[in-house]
1. Pull up the range 47-77, narrow it to residues that are farther than 12 Å from Lys95 by Cβ and of a type in the set (Gly, Ala, Ser), then point me to the one that is farthest from the chain's Cα centre (by Cα).
2. Give the residue that is farthest from Leu36 (Cα to Cα), with candidates limited to residues of the range 78-97 that are among the aliphatic types (A, V, I, L, M) and within 11 Å of the chain's Cα centre (by Cα).
3. Give me the residue from the range 58-77 that is open to solvent by less than 90 Å² (accessible area, probe 1.4 Å) and in contact with a Lys or Arg (Cβ under 8 Å, 6 or more places away or on another chain) and, out of that set, nearest to Leu35 (Cα to Cα).
4. Which ones in the range 48-57 are of a type outside the set (A, V, I, L, M, F, W, C) and farther than 20 Å from Ala38 by Cα?
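The values are calculated or read from the model by the stated rules, or taken from the named source; none is laboratory data. From a predicted model like this one, the values you see are computed outputs, not experimental measurements. Please note: Cβ atoms are built from the backbone with ideal geometry, for glycine as well, and neighbour counts cover all protein chains shown. Remember, those area values only see protein heavy atoms, side chains included, never the ligands or the DNA or RNA. Shrake-Rupley method; radii C 1.70, N 1.55, O 1.52, S 1.80 Å.
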Amino acid sequence: MMNFERPDNRNDSNDGRTFTKRKIRWYDLGADERLLAASQVHAVVFAQLGALSHSMVEFGCGIERACAFVRRLSIRHQLPLSQRAMLLQHLLQGKKKVLSKDEINVEASSEKEAVEKENETVPED
C-alpha cells in the first residue's frame, strides 16, 4: 500500500528538504482511493487463500476442511462472492480430478489383475 503514502510538507531540521512520507489513514482516502485499496487487499487475500488451500489439500488435509477454511477467511476479509466461488470451484474441480485419477488407477489395476487371472487359468492343450 505504498502508493497511498503522500509526501509530508513539514521540513526536516537538517536543511529544509522534505524526505519523509506521511502514511494516509483509510478515512482520509477518497471514495475512488478506498475502492482501489480494497481491491488491492482483495487481490492479496485471493492469492493467499488460493495458495494456502491448495497446500492444505496437497499435504493431506481434506477437501471439506480446505473449503471451510476458504469460506471462513473469505467472509472475514469480505472477499467478493465471485472470487470466493472461484476458489471453491477450483478446490472442488481438483477433488474431481483426484477422484478420476484414482478411478483410472483402480480400473487399470483391476484390468491387470483380470488379465493375470486369465493367464493363470488358461488350460494348456
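1. Gly60
2. Pass one, the range 78-97, residues among the aliphatic types (A, V, I, L, M): 79, 81, 85-88, 91-92.
Add one more test, that the residue is within 11 Å of the chain's Cα centre (by Cα), and what stays is 86-88, 91.
Values: Met86: 21, Leu87: 22, Leu88: 25, Leu91: 28 Å.
That would be Leu91.
3. The first filter runs over the range 58-77 and keeps only residues open to solvent by less than 90 Å² (accessible area, probe 1.4 Å), leaving 60-63, 66-70, 73-74, 77.
Going one step further and asking which of them are in contact with a Lys or Arg (Cβ under 8 Å, 6 or more places away or on another chain), we end up with 63, 70, 74.
Details: Ile63: 33, Val70: 23, Ser74: 17 Å.
Top of the filtered list is Ser74.
4. First, pick out the residues of the range 48-57 that are of a type outside the set (A, V, I, L, M, F, W, C): 48, 50, 53-55.
Once the filter is applied, which keeps residues that are of a type outside the set (A, V, I, L, M, F, W, C) and farther than 20 Å from Ala38 by Cα, the range 48-57 yields Ser53, His54, Ser55.
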